[in-house]
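Single-structure report; data block below.
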Amino acid sequence: MPGVTRLSVRNIRKSFGSHEVLKGISLDAEDGDVISLLGASGSGKSTFLRCINLLETATDGEIFVDGEQIRMVRKNGQSRPESQKQVDHIRSELGMVFQSFNLWSHMTILQNVIEGPVHVLKRPKAECIAEAEALLDKVGIADKRHAYPAHLSGGQQQRAAIARALAMKPKVMLFDEPTSALDPELVGEVLRVMRALAEEGMTMLVVTHEMSFARNVSNRVVFMRQGLVDSSGTPDDMFGSGASPAFRQFIGHFGGEQ
Amino acid sequence: MATLELLGFGQNGWGALLLVATLMTLAVTATALLIGAVLGTLVATAKLSGNVLLVGLGNVYTTVFRGVPELLIIYLIYFGGSSAVTAVGQWLGYEGFLGLPSFAAGALAVGIISGSYQAEVYRGAYLAIAKGELEAASAIGMNRMLRLRRVVMPQVLRYAIPGLGNVWQLTLKDSALISVTGLAELMRTSQVAAGSTRQYFLFYIVGGVLYLLLTSFSDRVFNRAERRANRSMPAAAMGQA
Amino acid sequence: MDIAFLSSAMVTLLKAVPMTLLLFSLSVFFGGLLALVIVTMRVSGNRILSGFAKGYIFVFRGSPLLIQMFLVFYGLGQFGVIRYSFLWPFLREPVVCAVLSLALCTAGYSAEIFRSGIRAVSPKEIEAARAIGMSGFLLVRRIIAPIAFRHALPAYSTEIVLMMKSTALASLVTVWEVTGVAQRLISQTYRTMEVFLCAALIYLVLNFLILQGMALLEHSLSKHRRAAPPSAVKA
């Protein structure tokens, strides 16, 4: 359903102590949008992503997931969610992929993938297993379903983590530097899976340093700088002549024209 | 010949009693370990809570019960518990001294000690869980209880097995001190056998050998459990275990 | 709380502290020496010596100290060889029996601790020492022992605190140290809690002092791990 707003974030602020990391960031993602969040380390892009599913609590601002607002209350000058139950529900609708995979080490790959659907969504196990096997097949590690995470390569673990997030049938997928912890030769297999997802119309928000992904897969690029959105637009605009000086300097570090 | 008769199962033999005593040692140790598991979990939770008061109480518990001689703690529970029971008895109208059953007092005392060591084992095991795995559980929408049940507990148990093996050995050896309450466990029975036959050397050696059998057998059990629990670990880490 | 009773109990218990300290220091000293012998056998490479050391460690770590102590106290006197030897006047003494069994037991634990310390010495450091012509006892004394001891120190601190607690068992072979006196006070007065608190306090203070002492030792032995002083950085 193009035109439906899946995620809407208004004026998010976040401080750690006296240090303000996010100084008011807004962003909308419509159905099927693939948004790349770029920025130097320390620009706040990971914190922003973590604020969306409340792994960090934003100091101020509003978040809507598929039209539902996360209710916040102020207590002793601290902002916090009104209902943990709502937070858990919202989180189950947002798929999160971490830089360090964070697969549960005591479960096999298949157990990792069905854990959420069976125990959070309380769906029948047999059905979840069938779906999980299809997902593992899709990300290309069906043969590893009974292996434990520690016995897989980083690229395989990250693909398993993507399958785990997809098993929840999320409305939006959040990727927090999904290829940064990988050896260079393993980056490609993860990016291929992400590209396939984008082509299927999944709504995605991707914090990344992969310029080729930002340029060729996403339909929007947001460049963050010092806790603010410096500039944003289509990849053609951003990487073309319309780039801001700061962005031009930023991509210069990655070898300029790619 | 006389030695064989003394250790045998015949009329003058102590074999049957020593066997029963060995089982009693196992029973009181297992009970103490369970009591210690409950107390240890509570104390570890307190120490991890971040609440200043609870952390302080947890530290006092582990410092006192790991730092004070086991024998003193057994006296505290056995004599202190008996006075408490007697006081309750008098309040209910019963005149005279009521003793705490030696099994209960001994298991409780050694359990309290075991709990102080188990608390450290569980705390260490919790801290060994990768923070990202807890975050992933939150991110998928698990609430606190579910996270505890599905992600935290299984991993705490896995990481705690080697430490628990050590605590079991410690608790098994501490259980010998329960003999001062008169409980007929292995130490006490060896003592009685030695005293009544005047064969001190023989019966203390036999008692010691039975303890060695218990400790080496349980060592084997824990090693097997550890290997099983570590099947999800990388091959290199399994080699170290 | 009855302050008068507490203070009189404390005074009675404090009078037993010298005996506890005597048991502790003698058994740590002799246990340490014996542990050095055992660990030398254990790492000697000689199969008989190392097998004996293994057996020793297994027996003394695998059985309760109390049964070892009773074996020494009651069991040895059974043998005429010992009973009529010149050693008997010594071995008849409860204190000697207590120290003997405490030392034998801690030697088993300490030997294992020292061995893991030795295993932590890197072969490269030994090689470097050999390269400048060190070998045998000189190599052990100048290179292996100092490094191994530094590695073993934290675990050894824990072991000697356990030793402090273990001296309490001497009361069961009629040595009047702190726990024995506490038990006698309890059975005379039935004021278990008060006596326990006083005795516990004594042991906790003793443990604290031991740990402070060990920390001081560790600090002075680990100069190489601390940041270089500012003057050294400048130089």
Could you work out the equivalent-ellipsoid semi-axes for the stretch A:107-258, taking the square root of 5 times each eigenvalue of the Cα gyration tensor, largest first, in whole Å? 34, 16, 12
On C-alpha positions alone, give me the angle between the axis of helix B:153-174 and the longest principal axis of chain B, in degrees, nearest 10. 20
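At a probe of 1.4 Å, how much accessible area disappears from chains B and C on forming the pair, both sides counted, to the nearest 100 Å²?
3100
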For chain B, built as a Gaussian network whose Cα springs stay under 10 Å, the top-fluctuating residue of B:GLY96, B:GLY50, B:GLY124: B:GLY96
Just how much of B:TYR200 is accessible, in Å², when a 1.4 Å probe is used and the result is rounded to the nearest 10? 40
Would you work out the charge dipole size for the protein assembly as shown about its Cα centre, treating the Cβ of every Lys and Arg as +1 and the Cβ of every Asp and Glu as -1, and quote it to the nearest 20 debye? 1560
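Largest first, what is the accessible-area ranking of A:GLU177, B:GLU95 with a 1.4 Å probe?
Order by accessible area, largest first: B:GLU95, A:GLU177.
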If the viscosity is 1.306 mPa s and the temperature 10 °C, what translational diffusion coefficient in µm²/s does Stokes-Einstein give for the stretch A:1-130 when Rh comes from Kirkwood over Cα pairs? 96
On a C-alpha basis, how far is the centre of the stretch C:26-45 from the centre of the stretch B:147-215 in Å? Whole number, if you could? 26
Return the carbon/sulfur percentage of the accessible area of the stretch B:79-180, one whole number, probe 1.4 Å, all protein chains in place. 66
Here the whole-number average of other chain Cβ atoms within 10 Å per Cβ of C:67-76 is 6
Would you grab the residues whose amide H sits under 5 Å from the one on A:VAL172? Only those 5+ places off in sequence or on another chain, please, with H modelled 1.01 Å from N. A:GLY95
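Order the peptides B:66-75, A:72-81 from the highest to the lowest mean number of other Cβ atoms within 10 Å of their residues.
Final packing ranking: B:66-75, A:72-81.
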The stretch A:8-70: Cα Rg divided by the 2.2 N^0.38 Å rule of thumb: 1.10
Per the Debye formula with a single identical scatterer at each Cα and no solvent contribution, what log10 I(q)/I(0) holds for the stretch B:68-185 at q = 0.13, 0.16, 0.23 Å⁻¹? -0.68, -0.80, -1.15
With N denoting the number of residues in the stretch B:2-240, provide Rg(C-alpha) divided by 2.2 N^0.38 Å, to two decimal places. 1.23
Let me know the mean shielding of C:77-83 by other chains, meaning the per-residue number of their Cβ atoms within 10 Å of its Cβ. 1
Between the stretch C:151-207 and the stretch B:102-145, what's the alpha-carbon centroid distance in Å? 28
Listed peptides A:37-47, C:31-41 by packing density, highest first (mean Cβ within 10 Å): A:37-47, C:31-41
By how many degrees, between 0 and 90 and to the nearest 10, does the Cα long axis of helix B:186-197 differ from the longest principal axis of chain B? 10
Directionally averaged projected area (convex hull, Cα atoms, the stretch B:32-105), nm²: 6.2
Could you pull the accessible area for C:MET10 with a 1.4 Å probe, rounded to 10 Å²? 40
Given a 1.4 Å probe, show me the residues in the stretch A:77-111 buried by at least 30 Å² of accessible surface when comparing the whole protein assembly to the chain alone. A:ASP88, A:ARG91, A:PHE98, A:ASN102, A:TRP104, A:SER105, A:HIS106
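With 29 Å as the limit, write out which pairs from B:LYS131/C:LYS54; A:LYS169/B:LYS131; A:LYS75/B:LYS47 have Cα-Cα distances beyond it, or answer none. Each step should come with its number before you reach the end.
On the way: B:LYS131/C:LYS54 40 Å; A:LYS169/B:LYS131 25 Å; A:LYS75/B:LYS47 26 Å.
Correct reply: B:LYS131/C:LYS54.
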I'd like the mean, over residues of C:191-199, of how many other protein chain beta carbons sit within 10 Å of each residue's own Cβ. 4
Work out from phi, with θ = phi - 60° and the Karplus expression 6.51 cos²θ - 1.76 cosθ + 1.60, the ³J(HN,Hα) of each residue of the stretch B:122-133, listed in order in whole Hz, and give x for Gly and Pro. 5, 4, x, 5, 5, 5, 7, 5, 5, 4, x, 5
Mean projected area (nm²) from the convex hull of Cα positions in the stretch C:3-222 is 15.1
As straight-line cross-link partners of A:LYS171, the qualifying lysines (C-alpha separation under 20 Å, not fewer than 8 residues apart within one chain) are A:LYS85, A:LYS122, A:LYS138
Quick one: what are the phi-derived ³J(HN,Hα) couplings along the stretch A:96-103, Karplus 6.51/-1.76/1.60 with θ = phi - 60°, whole Hz, x for glycine and proline? 10, 10, 8, 4, 9, 6, 6, 5
In nm, give the distance between the simple-model label positions of C:GLU125 and A:GLU185, each being 7 Å from the Cα along the Cα-to-Cβ direction. 3.8
I'd like the FRET efficiency for B:ASN166 and A:THR234, computed as 1/(1 + (r/R0)^6) with the beta carbon distance as r and R0 of 45 Å, rounded to 0.05. 0.15
Rounded to the nearest Å, what's the spacing between the alpha carbon centres of the stretch A:200-228 and the stretch A:120-161? Just the number, please. 26
Hey, got the dipole for chain C? About the Cα centre, +1 on K and R Cβ, -1 on D and E Cβ, debye to the nearest 20? 860
For A:MET72, which sequence-distant residues (separation of 5 or more, or a different chain) have an amide H within less than 5 Å of its own amide H, given hydrogens modelled in the peptide plane? A:GLU82
In angstroms, what radius of gyration and Dmax does the protein assembly as shown have, counting Cα atoms only? 33.1, 106
Could you derive backbone 3J(HN,Hα) for the stretch B:14-28 from the dihedral phi with the Karplus parameters 6.51, -1.76 and 1.60 (θ = phi - 60°), listing whole Hz in sequence and x where the residue is Gly or Pro? 9, x, 5, 5, 5, 5, 4, 5, 5, 5, 4, 4, 4, 5, 5
Looking at chain B as a GNM with Cα springs under 10 Å, which of B:GLY89, B:GLY132, B:GLY165 has the largest mean-square fluctuation? B:GLY132
What's the magnitude of the charge dipole for chain B around its Cα centre, counting Lys and Arg as +1 and Asp and Glu as -1 at the beta-carbon? Answer in Debye, nearest 20. 880
The protein assembly as shown - accessible surface per residue (Å², probe 1.4 Å): 48
Given the options A:ILE25, A:ILE63, A:ILE12, which has the most mean-square fluctuation in a GNM of chain A, springs set between C-alpha atoms less than 10 angstrom apart? A:ILE25
May I ask for the angle, rounded to the nearest 10°, between helix B:52-67 and the longest principal axis of chain B, with both axes built from Cα atoms and the value confined to 0 to 90°? 30
The answer for chain A, counting only DSSP H helices whose Cα atoms cover 20 angstrom or more along the axis and whose Kyte-Doolittle average is -1.0 or greater, is A:184-199
Looking at chain C, do any whole DSSP H helices span at least 30 angstrom along their long axis by alpha carbon and average 1.0 or above on Kyte-Doolittle, and which? C:17-42, C:94-119, C:192-221
Show the residues, 5+ positions off or on another chain, whose built amide H is closer than 5 Å to the amide H of A:ARG225. A:ASP230
Of the residues B:GLN118, A:VAL139, B:SER175, the Cα lying farthest along the dipole of the protein assembly as shown towards its positive end, which is defined by charges on the beta carbon of Lys, Arg, Asp and Glu, belongs to B:SER175
Quick one: what Rg and Dmax do you get for the stretch A:5-253 from the alpha carbons, in Å? 18.1, 54
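The values are calculated or read from the model by the stated rules, or taken from the named source; none is laboratory data. Just so you know, these numbers come straight off a predicted model, no measurement behind them. We place every Cβ from the backbone using ideal geometry, glycine too, and count neighbours over all the protein chains shown. All accessible areas refer to the heavy atoms of the entire protein, side chains included, with ligands and DNA or RNA removed. Shrake-Rupley method; radii C 1.70, N 1.55, O 1.52, S 1.80 Å.
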